[in-house]
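Participant: A single structure is presented below for examination.
The values are calculated or read from the model by the stated rules, or taken from the named source; none is laboratory data. All of these numbers come straight from a predicted model, not from anything done at the bench. Please note: Cβ atoms are built from the backbone with ideal geometry, for glycine as well, and neighbour counts cover all protein chains shown. Side chains are part of the model used for accessible areas, which takes the heavy atoms of the whole protein and leaves out ligands, DNA and RNA. Shrake-Rupley method; radii C 1.70, N 1.55, O 1.52, S 1.80 Å.
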Number of protein chains: 2
Amino acid sequence: MRRGSLSKPLAALAWALLFALQAGAQTPATALPSWNDGEARSHIVEFVRAVTDSKGKDYVAPADRIAVFDNDGTLWSEQPLYVQFVFMLEQLKAAAPRHPEWKNNAAFKALAAQDKVALAKLGQKPVLELLGEANSGMTVGEYDRTIREWLKTAKHPKYQKPYTELVYKPMQELLEYLKANGFRNFIVSGGAVEFMRPWAEAAYGIPPERVIGSQQDVKFEMKDGKPVLTRQPKFAFVDDGPGKPVGIYRHIGKRPIAAFGNSDGDLQMLQVTTAGEGRRLGLIVHHDDGTRETEYDRQSHIGKLDKALDAAMANHWIVVSMKSDWKRVFAFEK
Amino acid sequence: MRRGSLSKPLAALAWALLFALQAGAQTPATALPSWNDGEARSHIVEFVRAVTDSKGKDYVAPADRIAVFDNDGTLWSEQPLYVQFVFMLEQLKAAAPRHPEWKNNAAFKALAAQDKVALAKLGQKPVLELLGEANSGMTVGEYDRTIREWLKTAKHPKYQKPYTELVYKPMQELLEYLKANGFRNFIVSGGAVEFMRPWAEAAYGIPPERVIGSQQDVKFEMKDGKPVLTRQPKFAFVDDGPGKPVGIYRHIGKRPIAAFGNSDGDLQMLQVTTAGEGRRLGLIVHHDDGTRETEYDRQSHIGKLDKALDAAMANHWIVVSMKSDWKRVFAFEK
């Protein structure tokens, strides 16, 4: 960009003013208001201070300030069932008459019965594949509308709120805090990208191109003289467990310096992130609040946290207690 | 972000100042200085004016201002051979002793002989697959270093300049102009992402996560107790022709409003972009300057422009004449 001789110092002044205002709005003392004073909060604040201090030994240039967040159970609720599974169940029921062969499909039976034990044993892949068959042939635009329509009316069985209100307020603040400090935040989820992109920007300030997730195949076709992308039954990529660092590499092409998760599906993402050189942050949200949310970890069929909890101890990742570290869980709480 | 009662108007003032400075720096009259006054330049400027005019009927919110650029032949030179192919050739020669079976491989023979006719017939896929075999087993970090080292010393045979200086100055200005007007620019290339990400930010102002390209498979592994990603022989995705809109959908999840290409490999990307509702921009860089660069189109084995040139006429995409629309091609020209 070419600037005149007068406008250069004016621009510098404007940036300095903005920076000062931004920094002032999020001092260590006022940042993360829904977090209790405690080890978790102070670890986060200290990490951010260290990597943004241009004179310190842990300084990280803005270009490299990349943070990755799991979605289900880390940024919003995943109990009693992944929200996407609830949506899929309706989709599958609607498509079932066209697929008599599903009667003997293990994933379909488990979903129809909401059999969490069976679903946990199957893992995400066969369930995603089944959904792939159900919506195969739709254009990506048609599928997008289906999801948006569903999200408008569907409600969580316990809270009786739209699912998009079940995002964790303290995590929203954390996303905002990192962004204000020059970070680029990405979602890295085992769920399908199409299911997150319609609402991630409003809920998390994360635009569609920063949402990484499992990917159903799509194909370019000419349909009635118009170019369209139609959905194919096969999944092109499952972004879970060891797939997460692969998805990060493919999509971002850089190693993040901070990773946030809540289950064993986030283990490898946390390992790769925190194995990098220089200061790193690994954080696990521990669901220990049975009153305001749901209490679960090592034995859970959804969001099982077992190996990653051991790894957290061994690697000094922050383990956030929802019960004691968070003043509130959801924005709608009083 | 929480702001005090005093800082809100100050921030608004600072943003207004910045905006005014930015707009002032890139008025329609001063923007794109390396472009001659003509239809191409005025079409671009008018498009940008229309989509950024918040009171006009063609207004597009900043969130939807997405522009996609092919790389080879659109942003930098692709003659006499895709730069990546030159790099690959050296990689393959180095790996050849470990792969006696390549002697009978059509892609290897064509590359070794720099047989452009054969390479054009084969297309990108078998060539990429061969490279995949050559660097399989390397960690992504090792491979990245190999590319960076090569780029430091390799020189273009005609210009005797590092390849990264062979970017088109008018296109750099166009990227900057769009960015200044609230666009998010992405590269969408048939080449492998790893080969572009190390230099795309310096050359084009495009960070690694906005580079979409062909993708070799990588795998998460523990190696000597450390988590690494190692390269696999198979290609996971070829981002060319009908693959480009697929890559855009997977990566961005939104339809761009402007697309820039130079060959038949960009046809589907241009079709999908310009088929969207509202004001759209399609642009093709036509290599008609045999003096400052290379003259080629319908008959070329590299960067063949045939179907997309017909489509440009039919769809009113801008066809840029490098010869008459550009004051200069490269920054190093006098």
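Participant: Report, by residue number, each residue of region A:230-259 that is over 19 Å from B:LYS219 (Cβ atoms) and basic (Lys, Arg).
Facilitator: A:ARG231, A:LYS234
Participant: Condition first: surrounded by 18 or more Cβ atoms within 10 Å (Cβ to Cβ) and either in a strand (DSSP E or B) or free of Cβ contacts under 8 Å to residues at least 12 places away in the same chain (or both). Now tell me which residues in region A:209-218 satisfy that. Walk me through it before giving the result.
Facilitator: Within region A:209-218, the first condition is being surrounded by 18 or more Cβ atoms within 10 Å (Cβ to Cβ), and the residues that meet it are A:209-216, A:218.
The answer is A:GLU209, A:VAL211, A:ILE212, A:GLY213, A:SER214, A:GLN215, A:GLN216, A:VAL218.
Participant: If B:GLU176 meets every condition in (1) within 7 Å of another protein chain (Cβ to nearest Cβ); (2) crowded, with 18+ Cβ neighbours inside 10 Å; (3) closer than 26 Å to A:GLN271 by Cα apart from one, which number is that one?
Facilitator: All conditions pass for B:GLU176, except number (3).
Participant: Only one of these is modelled with pLDDT of 95 or more, of a type in the set (Asp, Glu) and in a strand (DSSP E or B): B:GLU221, B:GLU201. Name it. Before the answer, list the steps.
Facilitator: Values: B:GLU201 fails: in a strand (DSSP E or B).
Every option except B:GLU221 fails the conditions.
Participant: Report yes if some residue within region B:285-307 is at negative phi, in contact with a Gly (Cβ under 6 Å, 6 or more places away or on another chain) and not in a loop (DSSP other than H, G, I, E, B); otherwise report no.
Facilitator: No, there is no match, as no residue in region B:285-307 is at negative phi, in contact with a Gly (Cβ under 6 Å, 6 or more places away or on another chain) and not in a loop (DSSP other than H, G, I, E, B).
Participant: Related question: Whether any residue in region A:144-151 is surrounded by 14 or more Cβ atoms within 10 Å (Cβ to Cβ), more than 22 Å from A:ASN262 (Cβ to Cβ) and among the charged types (D, E, K, R) is what I want to check.
Facilitator: The answer is yes; a qualifying residue exists.
Participant: Name the single residue that is nearest to the chain's Cα centre (by Cα) among those in region A:124-136 being over 16 Å from B:TYR249 (Cβ atoms) and touching a residue at least 60 places away in the same chain (Cβ under 8 Å). Let's see the steps before the verdict.
Facilitator: So in region A:124-136, the residues over 16 Å from B:TYR249 (Cβ atoms) come out as A:124-131, A:133-134.
Imposing the further condition that a residue be touching a residue at least 60 places away in the same chain (Cβ under 8 Å) reduces the set to A:124-125, A:128-129, A:131, A:133.
On the way: A:GLN124: 16, A:LYS125: 18, A:LEU128: 17, A:GLU129: 21, A:LEU131: 20, A:GLU133: 25 Å.
The extreme case among them is A:GLN124.
Participant: Can you report the number of residues in region A:313-333 which are open to solvent by 30 Å² or more (accessible area, probe 1.4 Å) and part of a helix (DSSP H, G or I)? Quick ask: steps written out before the conclusion?
Facilitator: So the first thing to find is which residues in region A:313-333 are open to solvent by 30 Å² or more (accessible area, probe 1.4 Å), and the list is A:313-316, A:319, A:323-324, A:327-328, A:331-333.
Subset that is part of a helix (DSSP H, G or I): A:313-315, A:323-324.
The total comes to 5.
Participant: Further, regarding this structure: Would you call B:LYS125 farther than 21 Å from B:ALA236 by Cα, assigned to a helix (DSSP H, G or I) and not β-branched (Val, Ile, Thr)?
Facilitator: Numbers: farther than 21 Å from B:ALA236 by Cα: no; assigned to a helix (DSSP H, G or I): yes; not β-branched (Val, Ile, Thr): yes.
In short, no.
Participant: I'd like to check which helices (runs of 4 or more DSSP H) are fully inside region A:1-108 and have at least 1 residues that are more than 14 Å from chain B (Cβ to nearest Cβ), surrounded by fewer than 18 Cβ atoms within 10 Å (Cβ to Cβ) and modelled with pLDDT of 95 or more. Outline the logic, then answer.
Facilitator: Values: elements: A:7-25, A:39-52, A:83-95.
By residue number, A:39-52.
Participant: Would you say B:PRO242 is at the interface with chain A (Cβ under 8 Å from one of its Cβ atoms) and within 15 Å of A:ILE248 (Cα to Cα)? Steps first, please.
Facilitator: Numbers: at the interface with chain A (Cβ under 8 Å from one of its Cβ atoms): yes; within 15 Å of A:ILE248 (Cα to Cα): no.
For B:PRO242, the condition - at the interface with chain A (Cβ under 8 Å from one of its Cβ atoms) and within 15 Å of A:ILE248 (Cα to Cα) - is not met.
Participant: Could you look through region A:121-143, keep only residues that are in contact with a Lys or Arg (Cβ under 7 Å, 6 or more places away or on another chain) and within 17 Å of B:PRO245 (Cβ to Cβ), and pick out the one that is most open to solvent (accessible area, probe 1.4 Å)?
Facilitator: From region A:121-143, those in contact with a Lys or Arg (Cβ under 7 Å, 6 or more places away or on another chain) are A:132, A:135-138, A:140, A:143; that's our starting set.
Going one step further and asking which of them are within 17 Å of B:PRO245 (Cβ to Cβ), we end up with A:138, A:140, A:143.
Values: A:MET138: 48, A:VAL140: 25, A:TYR143: 7 Å².
Here the answer is A:MET138.
Participant: Mind telling me which of the residues A:GLU142, A:GLU149 ends up being acidic (Asp, Glu) and within 14 Å of another protein chain (Cβ to nearest Cβ)?
Facilitator: Details: A:GLU149 fails: within 14 Å of another protein chain (Cβ to nearest Cβ).
The unique qualifying residue is A:GLU142.
Participant: Select from region B:269-286 the residues that are buried (at least 23 other Cβ atoms within 10 Å of the Cβ) and of a type in the set (A, V, I, L, M, F, W, C) and list them in ascending order.
Facilitator: B:MET269, B:LEU270, B:VAL272, B:LEU281, B:LEU283, B:ILE284, B:VAL285
Participant: Among the residues of region B:252-283, write down those that are closer than 10 Å to B:VAL68 by Cβ and part of a helix (DSSP H, G or I).
Facilitator: Once the filter is applied, which keeps residues that are closer than 10 Å to B:VAL68 by Cβ and part of a helix (DSSP H, G or I), region B:252-283 yields B:ASP266, B:MET269, B:LEU270, B:VAL272, B:THR273.
One line per residue, one yes/no per condition, for (1) more than 24 Å from A:MET269 (Cβ to Cβ); (2) more than 10 Å from chain A (Cβ to nearest Cβ); (3) among the acidic types (Asp, Glu):
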residue: B:ARG197; (1), (2), (3): no, no, no
residue: B:ALA202; (1), (2), (3): yes, yes, no
residue: B:PRO208; (1), (2), (3): no, no, no
residue: B:VAL218; (1), (2), (3): no, no, no
residue: B:LYS226; (1), (2), (3): no, no, no
residue: B:LYS234; (1), (2), (3): no, yes, no
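Participant: Right, next: Go through B:ASP266, B:ASP310, B:ASP297, B:ASP289 for me and flag whichever is touching a residue at least 40 places away in the same chain (Cβ under 8 Å), more than 30 Å from B:SER54 (Cβ to Cβ) and either within 12 Å of another protein chain (Cβ to nearest Cβ) or surrounded by fewer than 24 Cβ atoms within 10 Å (Cβ to Cβ) (or both).
Facilitator: On the way: B:ASP266 fails: either within 12 Å of another protein chain (Cβ to nearest Cβ) or surrounded by fewer than 24 Cβ atoms within 10 Å (Cβ to Cβ) (or both); B:ASP310 fails: touching a residue at least 40 places away in the same chain (Cβ under 8 Å); B:ASP297 fails: touching a residue at least 40 places away in the same chain (Cβ under 8 Å).
One residue alone meets the criteria, B:ASP289.
Participant: For region A:159-171, check the following and say yes or no: at least one residue is within 21 Å of the chain's Cα centre (by Cα), surrounded by fewer than 20 Cβ atoms within 10 Å (Cβ to Cβ) and facing chain B (nearest Cβ under 10 Å).
Facilitator: No, every residue in region A:159-171 fails to be within 21 Å of the chain's Cα centre (by Cα), surrounded by fewer than 20 Cβ atoms within 10 Å (Cβ to Cβ) and facing chain B (nearest Cβ under 10 Å).
Participant: Testing B:ALA112 on (1) within 22 Å of B:PRO80 (Cβ to Cβ); (2) free of Cβ contacts under 8 Å to residues at least 40 places away in the same chain; (3) open to solvent by less than 30 Å² (accessible area, probe 1.4 Å), one condition comes back false. Which one is that?
Facilitator: Only one criterion is unmet by B:ALA112, namely (3).
Participant: Same structure, new question: Restricting attention to region B:137-157, which residues are in a helix (DSSP H, G or I) and free of Cβ contacts under 8 Å to residues at least 12 places away in the same chain?
Facilitator: Going through region B:137-157, the residues in a helix (DSSP H, G or I) turn out to be B:140-153.
Within region B:137-157, B:GLU142, B:ARG145, B:GLU149, B:LYS152, B:THR153 qualify.
Participant: Also, I was wondering about something else. Select from region A:179-194 the residues that are out of contact with any strand residue (DSSP E or B) (no Cβ under 8 Å at 6 or more places or on another chain) and open to solvent by 20 Å² or more (accessible area, probe 1.4 Å) and write down the one among them that is farthest from A:GLY253 (Cα to Cα). Can you show your working first?
Facilitator: Looking only at region A:179-194, we keep the residues that are out of contact with any strand residue (DSSP E or B) (no Cβ under 8 Å at 6 or more places or on another chain), and these are A:180-182.
Then keep just the ones that are open to solvent by 20 Å² or more (accessible area, probe 1.4 Å); that gives A:181-182.
Details: A:ASN181: 21, A:GLY182: 18 Å.
My answer is A:ASN181.
Participant: A:ASN315 versus (1) free of Cβ contacts under 8 Å to residues at least 60 places away in the same chain; (2) farther than 20 Å from A:VAL48 by Cβ; (3) out of contact with any Asp or Glu (no Cβ under 9 Å at 6 or more places or on another chain): which is the lone unmet condition?
Facilitator: (2) is the only condition that A:ASN315 fails.
Participant: Which of (1) within 14 Å of another protein chain (Cβ to nearest Cβ); (2) modelled with pLDDT of 95 or more; (3) open to solvent by 50 Å² or more (accessible area, probe 1.4 Å) does B:GLY253 not meet, given it meets every other one?
Facilitator: (3)
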